[in-house]
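Okay, structure first, notes after.
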2 protein chains.
Amino acid sequence: MNHAYNTLRRIKKSNMSPQEHNNEKKVKDAARKVFHSEGFAGSRMQTIADEAGINKMMLHYYFRSKQQLFDVIFEEDYMTLMAPLAKILRNPALHVEDQVITFSRRYHDTMMRNPKFPLFMIHEFAKNPGRILELAQKAIPVSKADEPDHPELSATTFMDQIDEGIKEGKYNDDIDAQSLAVSMLGMCMYPFTGRTVVQTAYQMTDEQYDDFLEKRKEEVIRHTFRILMKPEYYQNWKQEYQKKQKQ
Amino acid sequence: MNHAYNTLRRIKKSNMSPQEHNNEKKVKDAARKVFHSEGFAGSRMQTIADEAGINKMMLHYYFRSKQQLFDVIFEEDYMTLMAPLAKILRNPALHVEDQVITFSRRYHDTMMRNPKFPLFMIHEFAKNPGRILELAQKAIPVSKADEPDHPELSATTFMDQIDEGIKEGKYNDDIDAQSLAVSMLGMCMYPFTGRTVVQTAYQMTDEQYDDFLEKRKEEVIRHTFRILMKPEYYQNWKQEYQKKQKQ
DNA sequence: TAAGGGTTAAACCATATGGTTAATCCAAGA
DNA sequence: TCTTGGATTAACCATATGGTTTAACCCTTA
């Protein structure tokens, strides 16, 4: 486990009461919920305790301080929600086009289940930029069996592959790979971070907005490919794609 | 002026000491800076006072409470920074394509001068969705001389115009106007809200990132048009556009 | 020059909040 | 049954923080 405070205790006992497991999970679920919607500064330990339905002392008992509780949640969120997405764009075995398709779908699936996470994460990263590198490096698997010696060097990246595609004449030669990646991320993220604004502007119900998000999953792929691909190549891809969808 | 507290005082005196003007501005500038980077919950009145270089009492003297000070700043920001941008997309006299061009340029110009504003605004709107409609309505000019009786009804919107363009065969017929607008906003906003993440990932210096933002101004236009326009029409536009740029 | 209103600073207050103490509960093992 | 030690609770504490009081301080003007 990842928090030092009650690790000591665990080593001693080696088996835990089922309640401890249960409570620790209750605390984490509650903390995640509150942190996601209020942010670190706006969250209160008492609010988290109430949400978990347990005594405030338990929070400190399991996680020592607000900061440590937050760190645990944030790292866990990063590892389970963000790192797998980042990995898609660094997967040399996956073609760029498949990277885009996989990324958009997985991004939307993940965030529809955690709708407040994107804003939360971007807000906390903005306040503490140092965390970004720290967590990103921690997320890279160190096991040498899984990856080549220097995965971060030898991997063909999203951006490298795009440059290749340009040379092959499949992709528009006036696009900048970095800028494209930023556009795609922006298209993915904004419907979540700006949900209240968009939903108000379009006067949508919650159900309608959820439908909208579901559609965005494929829409972002099309938008990205329209930007990326030469028109003939795009049409070609779209036909193939629609065939597959029908199956 | 827009805050009730010292309006009373002003009616009585009718002329203010130059210091009041000066201090009130100092307070607002400081409050804006602190609120933008810490958010409402993370901001401290003492921090704002220190930033302004004046006594904490002055904040309450001029603005009564933290909440009122915040409300003043937030409304002022919305009116000066957001409302003009929203207006561009509701301007029936402006063609969609010009709306996109004008919007992207103005958005980037505005936010490069207020880099923390987009995240701040989206964060506070997320916490208080009620504000969105309230401010949006307040921003619509009520003067009947300026606008027709029901501007919000008679105006040809961004989205209406796109539907027209589709019928005319200029624009791709598989695009959804709402989704396009969301994509454009996302492409504009993300480089600001996610600055720390992108800058870290791309290992850019502050200067390099500012250059990147400058380039995004036109890049977002191209990306949006690639999504929107049929290829022949896009090529046509681009040629005209490049001619104009050279002049 | 004295009055009076607006302006400013220092000290102060009440409450909220993160964190701690100490006593109690309870299940497992002797 | 008694003991042991982690789990849990309620009460408590110190500090931070938004907000107020009080008194002094201009600066204009009668």
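Being surrounded by 15 or more Cβ atoms within 10 Å (Cβ to Cβ) and outside any helix (DSSP H, G or I) is true for just one of A:M189, A:M204. Which residue is that?
On the way: A:M189 fails: outside any helix (DSSP H, G or I).
Answer to the check: A:M204.
Suppose we keep only residues that are surrounded by fewer than 17 Cβ atoms within 10 Å (Cβ to Cβ) and of a type outside the set (S, T, N, Q) within the stretch A:62-81. Which one would you say is farthest from A:I140 (Cα to Cα)? If we take residues in the stretch A:62-81 being surrounded by fewer than 17 Cβ atoms within 10 Å (Cβ to Cβ) and of a type outside the set (S, T, N, Q), then A:R64 is farthest from A:I140 (Cα to Cα).
Considering the stretch B:54-69 alone, what residues qualify as being out of contact with any helix residue (DSSP H, G or I) (no Cβ under 7 Å at 6 or more places or on another chain) and within 15 Å of DNA strand C (Cβ to nearest atom)?
Narrowing the stretch B:54-69 to residues out of contact with any helix residue (DSSP H, G or I) (no Cβ under 7 Å at 6 or more places or on another chain): B:57, B:60-61, B:64-65, B:67-68.
If the condition is that a residue be out of contact with any helix residue (DSSP H, G or I) (no Cβ under 7 Å at 6 or more places or on another chain) and within 15 Å of DNA strand C (Cβ to nearest atom), then B:M57, B:H60, B:Y61, B:R64, B:S65, B:Q67 are the ones that fit.
Within the stretch B:201-247, the set of residues being under 20 Å from the mean Cα position of the chain (by Cα), of a type in the set (D, E) and more than 8 Å from chain A (Cβ to nearest Cβ) comprises B:D210, B:E214, B:E218.
Take B:Q46 and tell me if it is more than 12 Å from DNA strand C (Cβ to nearest atom), more than 14 Å from chain A (Cβ to nearest Cβ), modelled with pLDDT of 95 or more and surrounded by fewer than 17 Cβ atoms within 10 Å (Cβ to Cβ).
Details: more than 12 Å from DNA strand C (Cβ to nearest atom): no; more than 14 Å from chain A (Cβ to nearest Cβ): yes; modelled with pLDDT of 95 or more: yes; surrounded by fewer than 17 Cβ atoms within 10 Å (Cβ to Cβ): yes.
Considered against the rule, which asks whether it is more than 12 Å from DNA strand C (Cβ to nearest atom), more than 14 Å from chain A (Cβ to nearest Cβ), modelled with pLDDT of 95 or more and surrounded by fewer than 17 Cβ atoms within 10 Å (Cβ to Cβ), B:Q46 comes out as no.
Looking at the stretch B:70-88, can you tell me whether even one residue there is touching a residue at least 24 places away in the same chain (Cβ under 8 Å), more than 12 Å from the chain's Cα centre (by Cα) and within 16 Å of DNA strand C (Cβ to nearest atom)? Looking through the stretch B:70-88, at least one residue is touching a residue at least 24 places away in the same chain (Cβ under 8 Å), more than 12 Å from the chain's Cα centre (by Cα) and within 16 Å of DNA strand C (Cβ to nearest atom). Run A:L180 past the list (1) touching a residue at least 12 places away in the same chain (Cβ under 8 Å); (2) outside any helix (DSSP H, G or I) and report the number of the one that doesn't hold. The single condition A:L180 does not satisfy is (2). Evaluated against (1) more than 7 Å from chain B (Cβ to nearest Cβ); (2) farther than 24 Å from B:V198 by Cβ, A:R195 falls short on exactly one condition, (2).
Within the bounds of the stretch A:94-115, is there any residue that is within 16 Å of DNA strand C (Cβ to nearest atom), in a helix (DSSP H, G or I) and in the same structural domain as A:G186 (by TED's automatic domain parsing)? Lay out the reasoning, then the answer.
Pass one, the stretch A:94-115, residues within 16 Å of DNA strand C (Cβ to nearest atom): none.
Checked against the condition, which is being within 16 Å of DNA strand C (Cβ to nearest atom), in a helix (DSSP H, G or I) and in the same structural domain as A:G186 (by TED's automatic domain parsing), the stretch A:94-115 yields no hits at all.
The values are calculated or read from the model by the stated rules, or taken from the named source; none is laboratory data. Please read all numbers here as calculations on a predicted model, not as lab measurements. As a convention, Cβ positions derive from the backbone with ideal geometry for all residues, glycine included, and neighbour counts pool all protein chains shown.
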